[in-house]
Amino acid sequence: MVAEAFPSDVSTDSYAGDPVFELHRGGKIEVTSSIQVRDADDLSMAYTPGVARVCTAIAEDPSLVRTYTWKSNVVAVVTDGTAVLGLGDIGPAAALPVMEGKALLFKEFGGVDSVPIALACTDVDEFVETVVRMAPTFGGINLEDISAPRCFEIERRLKERLDIPVFHDDQHGTAVVVLAALRNALRVTGKSISDIRVVISGAGAAGVACARILLQAGVGDLAVVDSKGVLHEDRSDLTPVKLSLARDTNTAQLSGRLVDALDGADVFLGVSGGTVPEEAIARMAPGAMIFALANPNPEVHPDLAHRHAAVVATGRSDFPNQINNVLAFPGIFRGAFDANASRITEGMKLAAAEALADLIPADELRADYIIPSPFDERVAPAVAAAVAEAARRDGVARA
């Protein structure tokens, strides 16, 4: 008798009947065969003795692993559970539902297979070594829900040691979608990216990556604020990551708190949580843009934001202009795999943002429609094509 995939007796389950828990019961993904094994001939080719011929060929020419295994289309979605959603350090087991969800989205939106992996280690050396040791199985590594500043060091070291794409989605997926939305918000407001002043609340993974990509895109004046105030070089409490960012931002030489930095600002980007008082938002420049991305509670509630801003975006699906990473990561990995890219470059990220923004024609663009829906079937193919082309342009494509 074959055992059931998951227990059917839910009499002692206090969550039985809750639709969210029922959707997750038994997990959200499974492994399925891509071929059928119908008889002895099929078995002899899929497994022994036929498989030995494939193994021998790969041993002689390692590049064949992309053609004759799943490697060219599978991502490891890896976490240590230290920064899960807005829940914080809840551990690897509690992070697994999120990693399963990420794997589901990879497949549904990008046609990319992935395996959720929750590691029971928080030491940077151990984490890096573990991922490096399992990397031969995968064509790419998607890092997820790892606390800052450890996430920066982990990503940097994995990029140095691996010849496959390594992508921390909390950083770069957010940054790509933010840039795409900002490009279209600027078209709505008639402002130029080189003339605006942006204030970012949050200097963690998302805040740092957003700042970096906005600088590369041409934002001329950008200030980043953490819980202790505006980042500037004279502060003695900055981590190396924050100090580097301070040196590259804040050309206006601002100091003080978030409310001070917002005076006359064109864009507020919130990636930290907390609440911004209305009097601070009211001091922003005319035609302001507010991207309040904390979930489930935006830093500025959209109803309040609309009193003072021309364009408002959040991270929530129940308001217009949702900044959702699913608009980026499936297409980015799809494009990287299509080009057999050795890594994901800054040019590939910029190309993804441009392709995403350009999906909305000028005659359809409006204040409540600056970013496509995650269910727009054009998204992943457009992002993938742009990323693959950028990989070839940047010299990291191997196909």
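Here are some notes:
- Average accessible surface for the stretch 161-315: 37 Å² per residue, computed with a 1.4 Å probe over protein heavy atoms with every protein chain in place.
- For the stretch 165-233, the Kirkwood estimate of the hydrodynamic radius, built from every pair of different alpha carbons, is 12.5 Å.
- Here the chain has 53 percent of its accessible surface on carbon and sulfur atoms, given a 1.4 Å probe and all protein chains in place.
- Estimated translational diffusion coefficient (Stokes-Einstein, Kirkwood radius over Cα pairs, 4 °C, 1.567 mPa s) of the stretch 60-129: 96 µm² per second.
- Ranked by how many other beta carbons lie within 10 Å on average, peptides 208-214, 252-258 from highest: 208-214, 252-258
- Placed amide H near Ile323: partners under 5 Å, 5+ positions off or other chain: Thr314, Gly315, Arg316
- Residue-count net charge about Leu359 - beta-carbon cut-off 15 Å; Lys, Arg +1, Asp, Glu -1: -2
- Global form of the stretch 240-299, assessed from the alpha-carbon gyration tensor, a/c cut-off 1.5: oblate
- Label-zone membership for the stretch 324-347, site Ser63, 7 angstrom Cα→C-beta point, backbone N under 19 Å: 336-343
- For Ala148, distant residues with modelled amide H under 5 Å away: Ala205
- Where the alpha-carbon atoms of the stretch 134-200 are placed on the principal axes, they occupy 49, 24, 19 Å, in descending order.
- Two-site FRET efficiency, Gln216 against Ser14, from Cβ-Cβ distance with R₀ of 35 Å, rounded to 0.05: 0.10
- Both radii come from the Cα set of the stretch 44-181: Rg as radius of gyration, Rh as Kirkwood radius; their ratio Rg/Rh reads 1.03.
- The chain, relative contact order [Cα under 8 Å, separation at least 6], %: 13 percent
- Over the Cα atoms of the stretch 132-260, the radius of gyration divided by the Kirkwood radius equals 1.02; this is the Rg/Rh ratio.
- Exposed loop sites are taken as GluC sites (Glu not before Pro) in a DSSP loop (any state but H, G, I, E or B) with at most 16 other beta carbon atoms within 10 Å; the longest stretch of the chain without one runs 31-232.
- Report summary: the helix-based calculation at 222 nm, which adds -39500 (n - 2.57) for every DSSP H run with n ≥ 4 and divides by the residues of the chain, gives -12000 deg cm²/dmol.
The values are calculated or read from the model by the stated rules, or taken from the named source; none is laboratory data. These figures come from a predicted structure and were not determined experimentally. Cβ atoms come from the backbone with ideal geometry, glycine included; neighbour counts cover every protein chain shown. Keep in mind that these areas ignore ligands, DNA and RNA; they rest on the heavy atoms of the full protein, side chains included. Shrake-Rupley method; radii C 1.70, N 1.55, O 1.52, S 1.80 Å.
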